[in-house]
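Accompanying notes for the structure given below.
Each value in this text was obtained by applying a stated rule to the coordinates, not by laboratory testing. Fair warning: this is a prediction, and the values are worked out from it, not measured in the lab. Here the Cβ positions follow ideal geometry from the backbone for every residue, glycine too, while neighbour counts run over all protein chains shown.
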Amino acid sequence: MEPRFKKIDHIGIAVPDLSQAMAMYEALLGAPATHTEEVASQKVRVAFFEVGESHLELLEPTAEDSPIAGFLAQRRGGIHHLCVEVEDIEATLRAYKAAGVKLIDEAPRPGAHGKRVAFVHPKSTGGVLLELSQRAEP
Ligand code: CO
């Protein structure tokens, strides 16, 4: 059986001010963000920085009911989620559902870069909000 997780796609970091955080991370990494985007389905504006074959994703809320706004209200910021790339997101969700894994998204939704994504509840992952992501078809 092939392992389901292909690689760590990115680590998501919640920030209250995207442009300020982008300047901070540009200085830390010594390179600018490679991609910025507004993700309407998640009510966030995001910026990606390349780190080898994976990325850091900075997320700023665009609405008060954004999941990131709720996270920032409880903490001042910090690591919000871990994203792994999977080969087949629907098959993974089906297998998880059958195994009783607690899912936030039972079906994939549109994420950044035109990828399909779904979140797994921290109750089923040892306390980590886990994002599954499948590459967009070329
Ligand atoms: Co993400």
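For Ala118, the shell of other residues with beta-carbons less than 10 Å away shows a net charge of -2, using +1 for Lys and Arg and -1 for Asp and Glu.
Taking the Cα centre of segment 5-134 as origin and charging only Cβ (+1 Lys, Arg; -1 Asp, Glu), how large is the dipole, in debye to the nearest 20?
That gives segment 5-134 a dipole magnitude of about 460 debye.
Each Lys or Arg adds one and each Asp or Glu takes one away; over the other residues whose Cβ falls under 14 Å from the Cβ of Lys43, this sums to -3.
Only beta bridges with both residues in the chain are counted; by DSSP, about 75 percent of them are antiparallel.
For the chain, the equivalent ellipsoid derived from the alpha-carbon gyration tensor has semi-axes of 25, 17, 13 Å in decreasing order.
In the chain the longest region clear of GluC sites (Glu not before Pro) that are loop-assigned by DSSP and have at most 13 other C-beta atoms within 10 Å covers 1-52.
Looking only at trypsin sites (Lys or Arg not before Pro) in DSSP loops with at most 11 other Cβ atoms within 10 Å, what is the longest site-free stretch of the chain?
It runs 1-74.
With semi-axes defined as the square roots of five times the eigenvalues of the C-alpha gyration tensor, the equivalent ellipsoid of segment 37-109 measures 24, 17, 12 Å, largest first.
Rounded to the nearest 5, what is the percent of antiparallel bridges among the DSSP beta bridges in segment 65-138?
Working: 8 of 12 bridges.
Just about 65 percent of them are antiparallel.
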